[in-house]
Amino acid sequence: MSRFFTPALAALEPYTPGEQPAVPDLVKLNANENPYPPAPGVAAAVAGTIAGLRLYSDLTEARLTAAIARRCGVPADWVLCGNGSDENLLLAIRAFCDADTPLAFADITYSFYPVLCNLLGVPARVVPLRGDFTLDETAYYGLGGTIVIANPNAPTGLLAPPAAIERIAQQNPGSVVIVDEAYVDFAGPGASCLPLVQKYENLMVVRTFSKSRSLAGARLGYCVAQPALVADMNRVKFSYSPYNVNSMSEAAGAAAMEDEAYFQKTVAAVCQTRADTAAGLRARGFTVLDSATNFLFATHPRRPAAALLEGLRRRRVLVRRFTAPRIQNWLRITIGTPAQMQRFFAALDEALGEEDGN
Ligand SMILES: *Cc1c(COP(=O)(O)O)cnc(C)c1O
């Protein structure tokens, strides 16, 4: 750290992303990336943008916004694209929180929320999940401030019914309620709060291309809300990074969004592998939460998660563990291809045997 860094920022604790090591033959199940490649049309779509790269990207991301709006069944001015969900979350917190308007979120949830609060000088209001990691919706009634709820939640993988989120929006008419649906495409029909956006002017749905659309490296996300909220977000965006979505990512995202069949096929494959992996973990004695996502959250009654993570790592299988006290004995395991999960289980069985002293 230099002596020029401002004291407020010097005190920041930045987010720790899942590591991205360049090790050959690695089974990477630590960042909830999709194991399947992007839709087949993405390559040509990106190639088609190269000649135009001398120009700035489209300020309104018209093609991408149209593709998203069509699929979500809303007009284009209900959609805002961003450089990953992470940027949209930043824009939303910047727009709807300040020193007097805290951001409320669960104690166990996406750990980027508190980081953004610190960066932006917004007080965090932590609302504990119940003992079984489910959402305690009544704890949010009349809370005020701004609220963000990851649904399905990370790293637990649990889905709260949209009706619970609806009641939270009803009970906080003066607050913006942000629903972070990074994983909702893996949650089955009826899981999304998108239909509620029509009914509630204070509800915003935030989504990403990083997980279900296999485009984590493109850095692409979007939010859907009534036009007034989108306009607020746009005012912030145009005050800091007007050309935030680059032309290549925009083309990639539009091509991915337009290929519904490929999307359905890869999501179904991940969900099938998730069921098989959960069964395999339970057969080995793990407690596994019911996942509505592309990862599983699991703990073993006798084997410390930290030792298992190291045992897997030595066998070039990466999973993730968090150090918050309530979950430090849990592993978050991203769903890979069936072949990757075979390697995961082979490594896991060796690690479990090693723990036994065999
Ligand atoms: C992965 C994730 C995001 C971030 O998505 P990007 O679009 O890659 O920035 C946001 N929220 C949650 C809960 C996530 O797990």
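The values are calculated or read from the model by the stated rules, or taken from the named source; none is laboratory data. The shown structure was predicted, so the numbers you read here are calculated from the model rather than taken from an experiment. Every residue, glycine as well, gets a Cβ built from its backbone with ideal geometry; the counts of neighbours run over all protein chains shown. With ligands, DNA and RNA removed, areas are computed over all heavy atoms of the protein, side chains included. Shrake-Rupley method; radii C 1.70, N 1.55, O 1.52, S 1.80 Å.
Looking only at residues that are open to solvent by less than 10 Å² (accessible area, probe 1.4 Å) and more than 13 Å from Met204 (Cβ to Cβ) in the range 81-96, which one is nearest to the ligand (Cβ to nearest atom)?
Gly84
Report yes if Gly145 is more than 14 Å from the ligand (Cβ to nearest atom) and in contact with a Lys or Arg (Cβ under 7 Å, 6 or more places away or on another chain), otherwise no.
In short, yes.
Give the residue that is farthest from Val148 (Cα to Cα), with candidates limited to residues of the range 162-179 that are of a type in the set (A, V, I, L, M, F, W, C) and part of a helix (DSSP H, G or I).
This residue is Ala163.
Give the residue that is nearest to the ligand (Cβ to nearest atom), with candidates limited to residues of the range 99-135 that are within 18 Å of Thr299 (Cβ to Cβ) and among the aliphatic types (A, V, I, L, M).
Ile108
In the range 207-290, which helices (runs of 4 or more DSSP H) lie fully inside it and hold 2 or more residues that are of a type in the set (Gly, Ala, Ser), in contact with a Gly (Cβ under 8 Å, 6 or more places away or on another chain) and over 30 Å from Arg94 (Cβ atoms)?
In the range 207-290, no matching helices (runs of 4 or more DSSP H) lie anywhere.
In the range 265-286, is there at least one residue being assigned by TED's automatic domain parsing to the domain that holds Arg343, at positive phi and either exposed (fewer than 14 other Cβ atoms within 10 Å of the Cβ) or basic (Lys, Arg) (or both)?
yes
Looking only at the range 9-31, filter to residues that are open to solvent by less than 80 Å² (accessible area, probe 1.4 Å) and more than 16 Å from the ligand (Cβ to nearest atom); which one of those is farthest from the chain's Cα centre (by Cα)?
The extreme case among them is Ala10.
Given the range 1-120, what helices (runs of 4 or more DSSP H) lie entirely inside it while holding 1 or more residues that are under 30 Å from Leu348 (Cα atoms)?
Helices (runs of 4 or more DSSP H) meeting the threshold: 112-120.
Kindly indicate the residue of the range 314-358 that is in a helix (DSSP H, G or I) and closer than 24 Å to Pro37 by Cα and also most open to solvent (accessible area, probe 1.4 Å) among those meeting that condition.
Step by step, filter the range 314-358, then rank; the result is Gln342.
Being of a type in the set (Gly, Ala, Ser), assigned to a loop (DSSP other than H, G, I, E, B) and in contact (Cβ under 8 Å) with a residue 12 or more places away in the chain is the filter here; which residues of the range 121-159 pass it?
Gly121, Gly142, Gly144, Gly145, Ala154, Gly157
It is to be established whether one or more residues within the range 160-171 are open to solvent by 20 Å² or more (accessible area, probe 1.4 Å), in contact with a helix residue (DSSP H, G or I) (Cβ under 7 Å, 6 or more places away or on another chain), of a type in the set (A, V, I, L, M) and in contact (Cβ under 8 Å) with a residue 24 or more places away in the chain.
There is no residue in the range 160-171 that is open to solvent by 20 Å² or more (accessible area, probe 1.4 Å), in contact with a helix residue (DSSP H, G or I) (Cβ under 7 Å, 6 or more places away or on another chain), of a type in the set (A, V, I, L, M) and in contact (Cβ under 8 Å) with a residue 24 or more places away in the chain.
Return yes when Asn172 is away from the ligand (no atom under 16 Å from the Cβ), at pLDDT below 95 and not small (Gly, Ala, Ser) and no when it is not.
No; evaluated as a whole, the condition is false for this residue.
Does Pro227 satisfy being assigned by TED's automatic domain parsing to the domain that holds Trp78, more than 21 Å from Thr109 (Cβ to Cβ) and out of contact with any helix residue (DSSP H, G or I) (no Cβ under 7 Å at 6 or more places or on another chain)?
It is false that Pro227 is assigned by TED's automatic domain parsing to the domain that holds Trp78, more than 21 Å from Thr109 (Cβ to Cβ) and out of contact with any helix residue (DSSP H, G or I) (no Cβ under 7 Å at 6 or more places or on another chain).
Mind checking whether some residue in the range 188-195 is more than 19 Å from Ile93 (Cα to Cα), free of Cβ contacts under 8 Å to residues at least 60 places away in the same chain, among the hydroxyl-bearing types (Ser, Thr, Tyr) and surrounded by fewer than 19 Cβ atoms within 10 Å (Cβ to Cβ)?
So far as the range 188-195 goes, no, none of its residues is more than 19 Å from Ile93 (Cα to Cα), free of Cβ contacts under 8 Å to residues at least 60 places away in the same chain, among the hydroxyl-bearing types (Ser, Thr, Tyr) and surrounded by fewer than 19 Cβ atoms within 10 Å (Cβ to Cβ).
Kindly list the number of the only condition in (1) of a type outside the set (Lys, Arg); (2) more than 13 Å from the ligand (Cβ to nearest atom); (3) open to solvent by less than 30 Å² (accessible area, probe 1.4 Å) that fails for Val184.
Of the numbered conditions (1) of a type outside the set (Lys, Arg); (2) more than 13 Å from the ligand (Cβ to nearest atom); (3) open to solvent by less than 30 Å² (accessible area, probe 1.4 Å), the odd one out for Val184 is (2).
Can you say whether Val206 is open to solvent by less than 40 Å² (accessible area, probe 1.4 Å), among the β-branched types (Val, Ile, Thr) and outside the structural domain of Asn30 (by TED's automatic domain parsing), as far as the supplied structure shows?
So Val206 fits the description; yes.
Please specify each residue of the range 205-251 satisfying the condition of being of a type in the set (A, V, I, L, M, F, W, C) and within 13 Å of the ligand (Cβ to nearest atom).
Those that are of a type in the set (A, V, I, L, M, F, W, C) and within 13 Å of the ligand (Cβ to nearest atom): Val205, Val206, Phe209, Leu215, Ala216, Ala218, Leu220, Cys223, Val245.
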